[in-house]
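Engineer: Shown below is the structure under consideration.
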Amino acid sequence: MSQNLQNHRRFVPLFHFVTLGLVTLNLIRALWVLLPVTKASLYDTGVALALLLMSWYLRAFPLTVQDRVIRLEERLRLQALAPDLAPGSGKITPEQWTALRFAGDAEFPGLVRDVLDGKLVKPADIKRAVKDWRPDELRV
């Protein structure tokens, strides 16, 4: 199946639904048995909360690194395709870079110009403006 605006988000069912669901249920159970407050119930609740936070950050940290790499790749692509626009690239937000990565080389400079001119601000609007979708199959 080819990637496009409608199907470009990545869900890993075992992580997003099963693992996070079980960790959330574990926290709910720990909160349920918290009363009466005992050392064991406080410990169980702390462990359940730690598992939930760990699950969250196990996803958040790689996404942050991925966004940094995307920003670097797209800045290099901009330098190669439209060096005249490169000096203004510092004004583009990480979210905008992430959306711009889906644009094909032919339309990329024009979309960057629209972002720099304030015509395209929201990542969703940038993605909708992409005509020649460039899939990102390596996303986390």
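The values are calculated or read from the model by the stated rules, or taken from the named source; none is laboratory data. A quick note: this is a predicted structure, and the numbers were derived from the prediction, not measured. All Cβ positions, glycine included, derive from the backbone under ideal geometry; neighbour counts span all protein chains shown. The protein model used for the area step is the full one, side chains on, heavy atoms only, and it has no ligands, DNA or RNA in it. Shrake-Rupley method; radii C 1.70, N 1.55, O 1.52, S 1.80 Å.
Engineer: Of the conditions (1) under 23 Å from Lys122 (Cα atoms); (2) open to solvent by 60 Å² or more (accessible area, probe 1.4 Å), Leu51 satisfies every one except a single condition; which number is it?
Structural biologist: (1)
Engineer: Filter region 122-140 for residues that are among the acidic types (Asp, Glu) and touching a Lys or Arg at 6+ places or on another chain (Cβ under 7 Å) and give the result.
Structural biologist: Keep residues of region 122-140 that are among the acidic types (Asp, Glu), which gives 125, 132, 136-137.
Residue satisfying the conditions is Asp136 alone.
Engineer: Being closer than 30 Å to Asp125 by Cα, under 15 Å from the mean Cα position of the chain (by Cα) and open to solvent by less than 30 Å² (accessible area, probe 1.4 Å): is that true of Trp97 here? Break it down into steps so the answer makes sense when it comes.
Structural biologist: Details: closer than 30 Å to Asp125 by Cα: yes; under 15 Å from the mean Cα position of the chain (by Cα): yes; open to solvent by less than 30 Å² (accessible area, probe 1.4 Å): yes.
For Trp97, the condition - closer than 30 Å to Asp125 by Cα, under 15 Å from the mean Cα position of the chain (by Cα) and open to solvent by less than 30 Å² (accessible area, probe 1.4 Å) - is met.
Engineer: Restricting attention to region 53-74, does a residue exist that is outside any helix (DSSP H, G or I) and not charged (D, E, K, R)? Explain how you work it out, then say what you get.
Structural biologist: Just the residues of region 53-74 that are outside any helix (DSSP H, G or I), to begin with: none.
No: region 53-74 contains no residue that is outside any helix (DSSP H, G or I) and not charged (D, E, K, R).
Engineer: Continuing with the same structure: Across region 114-140, what is the total count of residues that are open to solvent by less than 50 Å² (accessible area, probe 1.4 Å), over 23 Å from Pro62 (Cα atoms) and in a loop (DSSP other than H, G, I, E, B)?
Structural biologist: 3
Engineer: Yes or no: Leu22 touching a Leu at 6+ places or on another chain (Cβ under 8 Å) and either open to solvent by 100 Å² or more (accessible area, probe 1.4 Å) or not β-branched (Val, Ile, Thr) (or both)?
Structural biologist: On the way: touching a Leu at 6+ places or on another chain (Cβ under 8 Å): no; either open to solvent by 100 Å² or more (accessible area, probe 1.4 Å) or not β-branched (Val, Ile, Thr) (or both): yes.
The answer is no for Leu22.
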